[in-house]
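J.: Please read through the structure below; I'll follow up with questions.
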Amino acid sequence: MDRSQWAEHLLRDEGFQAMMEELRSVELSRFAMSAASEANVREDAYHQLRALEKIEAYLEGLSAQKLIDEKRLKIL
């Protein structure tokens with residue numbers, strides 16, 4: 001299994017999807033439940049959410065790489 005297939009498999013995995021959703025939910029709750037004076041908590045939650053987005057974007061990029069390579073070969 002190459003990296004592209006691995007990433008595609010992981011993105012489709014129900015356990016992985018549930019874990020990512022739970023992590024997002026935790027950070028959104030931290031954001032929503034923070035006191036007005038806890039800007040640092042909201043900022044940290046924001047950064048954690050962005051990190052989760054970057055992980056998913058990286059995996060989606062790996063997953064799409066096989067298709068990109070196939071299209072590149074057709075052009076040549």
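The values are calculated or read from the model by the stated rules, or taken from the named source; none is laboratory data. Since we're looking at a predicted model, the values are computed, not measured. Neighbour counts are summed over all protein chains in view; Cβ atoms, including those assigned to glycine, are modelled from backbone coordinates with ideal geometry. Calculation scope for accessible area: heavy atoms of the full protein, side chains included, ligands and nucleic acids excluded. Shrake-Rupley method; radii C 1.70, N 1.55, O 1.52, S 1.80 Å.
J.: Residues being open to solvent by 60 Å² or more (accessible area, probe 1.4 Å) and not in a helix (DSSP H, G or I): count how many of those fall in the stretch 14-39.
T.: 3
J.: Quick one: is Ala64 open to solvent by less than 60 Å² (accessible area, probe 1.4 Å) and at pLDDT below 95?
T.: Against the criterion (open to solvent by less than 60 Å² (accessible area, probe 1.4 Å) and at pLDDT below 95), Ala64 qualifies.
J.: Let me ask you something else. Can you list residue pairs whose Cβ atoms sit under 8 Å apart, with the first residue in the stretch 9-29 being free of Cβ contacts under 8 Å to residues at least 40 places away in the same chain and the second being among the aliphatic types (A, V, I, L, M) and loosely packed, with under 11 Cβ neighbours inside 10 Å? Count only pairs 6 or more apart in sequence or on different chains.
T.: Short answer, once both residue conditions are applied: His9/Met1.
J.: Within the stretch 18-57, which residues are in contact with a helix residue (DSSP H, G or I) (Cβ under 8 Å, 6 or more places away or on another chain) and of a type outside the set (A, V, I, L, M)?
T.: Arg24, Glu27, Arg30, Phe31, Ser34, Arg42, Asp44, Tyr46, Gln48, Glu56, listed by residue number.
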